[in-house]
Structures are given as C-alpha cells and as structure tokens.
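Asker: One structure, as structure tokens, below. Some questions next.
Quick note: the coordinates plus some simple rules give every number you see, no bench work behind them. Source: prediction; values computed, not measured. Glycine gets a Cβ as well: all are built from the backbone with ideal geometry, and neighbour counts include every protein chain shown.
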Amino acid sequence: MQLFYTDVFVLPLPPGHRFPMEKYARLRQTLLDCGDFSAADFQLPHAASDEELCRAHDAGYIRRISNGDIDEKMQKAIGFPWSAAMVERSRRSAGATIDACRAACSDGIAANLAGGTHHAFFDRGEGFCVFNDAAVAARAMQAEGRAGRILIVDCDVHQGNGTAAILAGDDSAFTFSIHGARNYPFTKESSDLDIELPDRCGDDAYLLHLDHGLDTAFDLSRPELVIYLAGADPYTDDRLGRLALSMAGLNERDRRVFARCRDANVPVAVTMAGGYARRIDDTVAIHAATIRLARRMWR
C-alpha cells in the first residue's frame, strides 16, 4: 500500500496557532514504528501543477496564491499566513491525493497522509484549505482516463462545502457528505447527498445513517473510484467536532466504507482530513488505525 506524505513541507505558523501541524509527522512515524509498513511504502508526492489545479480552480486565484498577492480578508479566511512554504505544501497536498488516486487505480487502495482540504472553493480558500485536493484529483483521474465516474465520501465532521460547490452539476462526480448539522461551515452548500447529524450523535446512530448514505451514494453514482475523507474529528473528545463517536465507532466507520469499496471492486484513495482532539495522541491514533485497517483489508 503506497502512502504519500507531506510532513517534510513545514508551515511556519505563529505561536498559539490552533492547527495541529505536528500530527502529520507523528502519524508517519507511528506507521513506520507499528511494523505494518516499510520505508519503501512511503512516497513524497509531486507538487500539483497549474494545469492540474486549473481543472478545479480559477487560474487567477492560483496565480494570486502562488505570488502572495492576497489581501487580509482572503488570508484570514484561509487561516494560515501566506508564505512560499504554504504554497509548496498546498501544491504537494493536492499532488499527494492525485498520486494516491493513481496508485489506488493500480493497487486497489492508497493514501495521502494529509489532504482532505474540502473547504477550498473554485476561487478562494477557507478553513485551513487552500486547494481542494479531492476535486483536483477527481478531475485529474478523469483527464488521464483512469476513472470516469468518481464518488467522494466525506466523513469529516464538517461539510465538504468547497467540494460540493466545485463539482455541482457534474454528473460524473458524486459528492456525499455526512457531518454535524450545527458545525462549521454555518452556511452549507448542496452536495449530491448530505446527511446532517445532531450534536452528540454517537456510534449507533452515526453508523446507521452512514449505511443508508453509502447505499444511496453507490447506487446513484456507480463509481469507478472512491476518494474517502476519513476525518478524525467526529471523535467524542475533538475540540471542533461536536459529535460523540468513540475510537471503536470510527474504526467501524472506516471498515464499512472500505468493505463497500472492496466488495464492489472499486479502488479507494484515502485522505486524512480533520482531527483536533484535545490530546494529539488521540488524533494520531485514529488516523493510524484508518491506514492500518486499510492495509489489512487489502492484503
């Protein structure tokens, strides 16, 4: 199983910044230490080109981000201070999901150990998201002739608003988002299928709604590739989550998504998406469990 990592592209963040960048390096080290993977399984991704990004983003927006020609309002919406490192990492993160999709089409499954930047819109970034890696990768796979019909299964606790907006009206790309009803973004977009859950929704209710959603999404999309956003933030002790899933519940969530893909013989590219637990060790453990389960199910 090929794993694409971007943690070597470090963002210089100000003291007290709330985004847990260190989780990515810790995740890779945890996976290296667990014995399920060798060093050869970990790959540096390419940096997404302007051509690849332009399939999902406005050329002027890409140019402004690349040159640092952004105003305070745009920078505040993104949540990161602009730097050349931010641009490089954002391109690499999108490239990692493209690479994971390519590898999944060959091997059945692969993962980007970051990604899931689903709040980035066609012409702007939001919520720690600069480029929308799922939309960019979906369009890349179609352009390369690797997959025509693509299903995006977004299990981050926040709605994939940017993905829904970019791919709206595209019958070849189906967006399914299961998320907290009262959580960010407070103005939702319309995915092809949205399931909104109440605060403190626990394992049983979540999994029941997930099963119904997967049935509907697979029936309507008939996918040739799945891009799965395996957010750790539905976890009960996540600072931004508001739902109440246990680690066991999240593991069962992953198992059901993977089983649906495997049983339908559909390749799946996994991205990590959000995770903001009070203990960063919990976030890392949830992400690591996702990747380890994927490896076991595709042996």
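Asker: With +1 assigned to the C-beta of every Lys and Arg and -1 to the C-beta of every Asp and Glu, and no other charges, what is the dipole magnitude of the range 63-140 about the Cα centre in debye, to the nearest 20?
Answerer: It works out to roughly 100 debye.
Asker: Let me spell out the model: positive unit charges on the Cβ of Lys and Arg, negative unit charges on the Cβ of Asp and Glu, origin at the Cα centre of the range 143-299. What dipole size does that give, in debye rounded to 20?
Answerer: Computed about the Cα centre, the dipole is about 580 debye.
Asker: Indicate the gyration tensor shape class of the range 162-299 (rounded, prolate or oblate), computed on the Cα atoms with a ≥ b ≥ c the square roots of the eigenvalues: a/c under 1.5 is rounded; otherwise a/b larger than b/c is prolate and the rest oblate.
Answerer: oblate
Asker: Pick from 164, 40, 140: which is most flexible by mean-square fluctuation in a GNM of the chain where alpha carbon atoms under 10 Å apart are linked?
Answerer: Judging by the Gaussian network model, the answer is 40.
Asker: Collect residues whose amide H, placed 1.01 Å from N in the peptide plane, falls under 5 Å from the amide H of residue 195; neighbours closer than 5 in sequence don't count.
Answerer: 177, 178, 179
Asker: Can you tell me which of 8-18, 261-271 comes out highest on packing, and rank the rest after it, using the mean Cβ neighbours within 10 Å?
Answerer: Descending packing order for the listed peptides: 261-271, 8-18.
Asker: Mark the label point 7 Å from the Cα of residue 34 along Cα→Cβ and return the residues of the range 263-299 whose backbone N is within less than 16 Å of it.
Answerer: Correct set: 270-273, 281-299.
Asker: Please build a GNM for the chain, connecting alpha carbons under 10 Å apart, and tell me which residue among 25, 39, 205 fluctuates the most.
Answerer: Comparing 25, 39, 205 in the GNM, the peak value goes to 39.
Asker: Calculate the length of the line joining the C-alpha centroid of the range 22-68 to that of the range 137-171, in whole Å.
Answerer: First find each Cα centre; the distance between them is then 17 Å.
Asker: Determine, from the Cβ-Cβ distance of residue 19 and residue 107 and an R0 of 41 Å, the FRET efficiency 1/(1 + (r/R0)^6), rounded to the nearest 0.05.
Answerer: Given R0 = 41 Å and the Cβ-Cβ separation, E is 0.85.
Asker: How would the range 1-108 be classified by its alpha-carbon gyration tensor: rounded, prolate or oblate, with rounded meaning a/c under 1.5 and the a/b versus b/c comparison settling the rest?
Answerer: It is oblate, given that a/c is not under 1.5 and a/b is not larger than b/c.
Asker: Sorted by packing (mean other beta-carbon atoms within 10 Å per residue), highest first, where do 169-177, 283-291, 193-201 land?
Answerer: In descending order of packing, they fall as 283-291, 169-177, 193-201.
Asker: Going by a ≥ b ≥ c, the root eigenvalues of the Cα gyration tensor, does the range 117-241 fall in the rounded group (a/c under 1.5), the prolate group (a/b larger than b/c) or the oblate group?
Answerer: oblate
Asker: What list of ³J(HN,Hα) values in whole Hz, one per residue of the range 121-135 in order, does the Karplus curve 6.51 cos²θ - 1.76 cosθ + 1.60 (θ = phi - 60°) give from phi, with Gly and Pro shown as x?
Answerer: 9, 4, 10, 6, x, 8, x, 6, 10, 9, 10, 8, 5, 5, 5
Asker: Follow-up. Out of 116, 241, 35, any idea which swings most in a Gaussian network model of the chain, alpha carbons joined below 10 Å?
Answerer: 35
Asker: Provide the FRET efficiency to the nearest 0.05 for the residue 51-residue 149 pair, computing r from the beta carbons and using R0 = 30 Å.
Answerer: Result of the calculation: an efficiency of 0.85.
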